[in-house]
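Notes for the one structure printed next.
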Amino acid sequence: MENQEREISLLSLFRYLLKRWRSIVFIAIIFALFFTALSHFMEIKRLSTPVEQIEENMTADEKATVYKIKAMDKELEDLNYYIENSAVMNMDPYNIQWASVSYFVDTKHVTNYAGDTESDLIWDIMAIYVSKLNSMGWKAEALRESGSDIELKYFNEMVSVSTSGRNFTVTIKYPDPDQLKIIMDVLQKSIQKFKEDISVSIGTHSLALTDSSKESAVLDRELKAFQEDKKYQLSSTYEEILNLKNTMNEKQKILYYGRALSKSELNTGILSDEPPQAGISLKKFVLGGSLGGFIMLVIYLLRYILQDRFHVEDNIKSSLGVTNLGYAELHLKRKPNFINRKIRNSELKVLDGLNSDEQFSVILSNIRQKFSDARMLYISGPKEDKLAADLSQSLNNSGICCQAVSNIMRETDAVNNQCGVVFIVRTDYSTYPQLFREINFCNIHGAKVLGVAVEIS
């Protein structure tokens with residue numbers, strides 16, 4: 001009988017847990033406060049740790065990643081500034097004004113009558129021309145004369161110098177055609193001045209203008225490709241920085257920003273102007289409370305299963321193999337709170353609206369029907385149980401020899417086949433294992449078990 005399996009009523013389990021809501025809530029609050037305090041002190045400790053100490057505890061790879069991101073940040077900043085301010089990047093490749101001039105350089109080099117070849121300085125002279133044309137002097141003068149507001153370093157990108165044999169060509173791309181004309185005039189004057197300077201320092205030579213052109217291009221493919229390359233470089237650098245930042249751990253982020261970071265700053269990467277302060281975490285409070293409540297629920301669930309107590313919904317006949325003699329309400333010493341009162345009212349529905357006297361009469365009538373030829377009747381229930389005492393008194397008054405006991409197993413000498421036994425079980429108090437032992441005791445001694453009366457606590 002003791003090994004008989006019984007189903008767990010979910011309704012009974014829910015009521016059992018709900019009755020203990022105060023202890024569950026109390027432990028949940030304790031855990032919530034504990035977790036909140038613990039997280040607060042840990043946050044204070046984390047925020048007070050110097051960056052230098054954090055860096056010392058980092059691996060070489062971790063630090064290298066941070067330094068790489070910082071270098072890329074500087075590269076990204078410079079590239080973004082260049083794209084926003086460079087004249088070349090802001091020119092329309094579909095509407096480009098450009099002009100070029102080409103010159104032929106000749107040293108009149110000859111071989112003398114003696115057959116000796118004099119040194120030809122043409123390549124030295126060409127190199128000097130290219131150097132002077134790439135210098136900033138004449139470019140600064142050209143910008144002043146034209147009234148351009150383009151920075152000198154960006155204008156330098158708009159000028160290209162190329163050579164081919166004894167020829168050199170200067171090409172300038174510029175958005176404004178009027179200013180371009182002035183710049184080209186300054187360029188040609190500067191080239192003539194260069195010729196005079198070179199003639200004095202190296203030797204005479206001839207310089208002839210072979211080509212001078214000015215056009216408006218429908219599409220400058222080279223400029224368009226250059227602009228697209230810079231923009232792609234900007235986006236790829238930005239994306240690489242984001243990917244590296246996403247791989248950073250907390251220590252790397254602190255080293256990167258150079259100061260302690262709050263949890264929100266670590267998660268979002270958006271820094272506050274105010275230094276981070278250790279605050280109270282609502283998330284930790286809820287997490288601690290949830291954990292505490294869950295632990296108590298598990299403890300009560302295990303108690304519910306392991307203690308194996310009686311509940312209102314239990315089927316006495318299928319669980320114990322004996323008759324259910326009826327239900328009676330146990331009058332509580334203290335008035336239950338609102339929740340427990342609602343639970344108790346739902347349990348008392350098994351009484352079908354009977355009052356206390358009617359409940360007592362039903363149980364008493366069922367006992368009399370079951371009691372036949374026995375000479376002695378024992379009512380075994382909880383210690384000092386009022387229902388057991390009242391039943392015993394009523395039965396004695398009606399001529400049935402009856403005695404209320406707290407444990408039938410203590411009546412070893414008196415229990416025999418001439419005895420009848422009624423058990424009173426109290427919900428959420430009496431246990432199945434104890435009653436199994438008592439019923440087994442009665443069977444061994446030949447006593448007749450009349451049934452079980454259930455007292456709703």
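Report whether or not Asp176 is farther than 26 Å from Leu143 by Cα, open to solvent by 40 Å² or more (accessible area, probe 1.4 Å) and within 60 Å of the chain's Cα centre (by Cα). When the stated conditions are applied, Asp176 does not pass them. Restricting attention to the range 385-403 and to residues that are open to solvent by less than 50 Å² (accessible area, probe 1.4 Å), of a type outside the set (D, E, K, R) and outside any helix (DSSP H, G or I), the residue that is nearest to Ser9 (Cα to Cα) turns out to be Cys402.
Results for (1) of a type outside the set (Asp, Glu); (2) without any contact (Cβ under 8 Å) to a residue 24 or more places away in the chain, shown as yes or no for each residue.
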residue: Leu297; (1), (2): yes, no
residue: Arg309; (1), (2): yes, no
residue: Asp314; (1), (2): no, no
residue: Tyr327; (1), (2): yes, no
residue: Lys333; (1), (2): yes, yes
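Selection of the range 298-318 for residues being within 13 Å of Leu13 (Cβ to Cβ), hydrophobic (A, V, I, L, M, F, W, C) and crowded, with 19+ Cβ neighbours inside 10 Å yields only Val312. Only residues that are in contact (Cβ under 8 Å) with a residue 60 or more places away in the chain and open to solvent by 70 Å² or more (accessible area, probe 1.4 Å) were counted across the range 338-380, and they come to 1. Annotation: of all residues in the range 146-158 being touching a residue at least 24 places away in the same chain (Cβ under 8 Å) and within 23 Å of Tyr103 (Cα to Cα), the one that is surrounded by the fewest Cβ atoms within 10 Å (Cβ to Cβ) is Glu157. Identification of helices (runs of 4 or more DSSP H) wholly contained in the range 274-371 with 2 or more residues that are of a type in the set (A, V, I, L, M) and at pLDDT below 85 yields 282-307, 316-320, 338-347.
Residues in the range 201-218 that are open to solvent by 60 Å² or more (accessible area, probe 1.4 Å), under 29 Å from Met89 (Cβ atoms) and not charged (D, E, K, R): Ser212, Ser216, Val218. Restricting attention to the range 180-200, and to residues there that are modelled with pLDDT of 90 or more and among the polar types (S, T, N, Q), which single residue is surrounded by the fewest Cβ atoms within 10 Å (Cβ to Cβ)? Here the residue is Gln192. Applying a threshold of 6 Å to beta carbon distances and a minimum spacing of six or more residues, or different chains, the list of pairs starting in the range 83-98 at a residue that is within 18 Å of Thr171 (Cα to Cα) and assigned to a loop (DSSP other than H, G, I, E, B) and ending at one that is at pLDDT 85 or above and β-branched (Val, Ile, Thr) reads Ala87/Ile150; Met89/Ile83. Residues that are within 14 Å of Asn134 (Cα to Cα), in contact (Cβ under 8 Å) with a residue 60 or more places away in the chain and open to solvent by 50 Å² or more (accessible area, probe 1.4 Å) within the range 159-173 are absent altogether.
Among the conditions (1) open to solvent by 50 Å² or more (accessible area, probe 1.4 Å); (2) touching a strand residue (DSSP E or B) at 6+ places or on another chain (Cβ under 9 Å), Glu75 misses just one, which is (2). When the range 415-457 is filtered for residues that are hydrophobic (A, V, I, L, M, F, W, C) and open to solvent by 40 Å² or more (accessible area, probe 1.4 Å), only Ile444 remains. Within the range 195-208, residues that are within 19 Å of Asn167 (Cβ to Cβ) have Cβ atoms under 7 Å from residues that are among the aromatic types (Phe, Trp, Tyr) in these pairs: Leu207/Tyr103; Ala208/Tyr103; Ala208/Phe104, counting only partners at least 6 apart in sequence or on another chain.
Confirm whether Leu242 is open to solvent by 80 Å² or more (accessible area, probe 1.4 Å) and among the aliphatic types (A, V, I, L, M). For Leu242, the condition - open to solvent by 80 Å² or more (accessible area, probe 1.4 Å) and among the aliphatic types (A, V, I, L, M) - is not met.
Residues of the range 319-337 that are open to solvent by 60 Å² or more (accessible area, probe 1.4 Å) and under 17 Å from Ser430 (Cβ atoms): Leu332 alone.
The values are calculated or read from the model by the stated rules, or taken from the named source; none is laboratory data. For clarity, every value in this text was computed on a predicted model and none was experimentally measured. Reconstructed Cβ throughout: ideal geometry from the backbone, glycine too, with neighbour counts over all protein chains shown. Calculation scope for accessible area: heavy atoms of the full protein, side chains included, ligands and nucleic acids excluded. Shrake-Rupley method; radii C 1.70, N 1.55, O 1.52, S 1.80 Å.
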